[in-house]
Amino acid sequence: MPQQAMPALAMTCMMISLGLVVLPHILRMPNWILLVYALAALWRLQMLRARLTSPPQVIRLLFGIGGALLVWLSFGTLVGLEPMVSLLLVATALKFLEAVRLRDGYVLVFLGFFLGITQFLFDQSLPLVLWMMAMSVLLVTTLILLNQTPGTRLSHRQPLLALRMLALAVPMMVALFVLFPRIDPLWSLPSRLGQGSTGMSDVLSPGSVSRLARSADVAFRAQFNERVPSPSALYWRGMVLNRFEDGAWRRTEI
């Protein structure tokens, strides 16, 4: 039933699973997000021990506003790949504080899968793929525990059932991989990671200048020890690209 209380074992397994799913994000997100997740998990653990209760709705709302404010202070904006993923991480952590009913557990499991997908927006390496495959087994195991009767103990049968369910999904996964259209805008969202500020390099290819033109950042600043020259005398010369090769202008040493 949707109004059924969430089993304690499923909630414990869920906190561990989501913590491991979030772990790779720590390399690219602000450290305070890990602290928020740890505090929310500790609070939820005390709720399982009947030492604390779920915060009132007003307090949870203030926590959400505070989390969004911290994301904005960390990135200077709420628009972009890293800010949006950070907001999702904060929202998932705060969801622990109100996860009481069974349907809340379903929401957390689906959030765990979605957080796993966001990992591949930053990295598609083989170790990350193997890690997320293991996390998928844990999340499906948590989903199985949510659908078992209260008091059920964790054994080898739940992970084995999760492995079998994922194995049955492999043909559908392969079919979707082959037939599903590649949506370029989803996988080419602007990211700040590993990127420097815009500027001219020693190679200029067609189209690169138009991308630079969309930046409103300051290119450089000039200071004068004496009186500022007239605008007609202000002239700065950039690099001279004097050789066209392989579809791009390049600079040769003279």
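The values are calculated or read from the model by the stated rules, or taken from the named source; none is laboratory data. Remember, predicted model here, so these are calculated numbers, not experimental data. Glycine also receives a Cβ, built like all others from the backbone with ideal geometry; neighbour counts cover every protein chain displayed. Quick note on the areas: whole protein, heavy atoms, side chains included, nothing else; ligands and nucleic acids left out. Shrake-Rupley method; radii C 1.70, N 1.55, O 1.52, S 1.80 Å.
Here are a few things to note about the model shown:
- Cα shape, region 16-75, gyration tensor, a/c 1.5 rule: oblate
- Relative contact order (percent, whole number), region 23-99, Cα cutoff 8 Å, 6+ residue spacing: 43
- Between region 144-184 and region 46-96, the C-alpha centres lie 28 angstrom from each other.
- Probing with 1.4 Å while keeping every protein chain in the model, the per residue accessible area of region 85-143 equals 40 Å².
- Loop-located trypsin sites (Lys or Arg not before Pro) across region 19-117 with a Cβ neighbour count of 13 or fewer within 10 Å are ARG49, ARG51, with loop assigned by DSSP.
- For region 51-188, the relative contact order comes to 17 percent (Cα pairs under 8 Å, sequence separation of at least 6).
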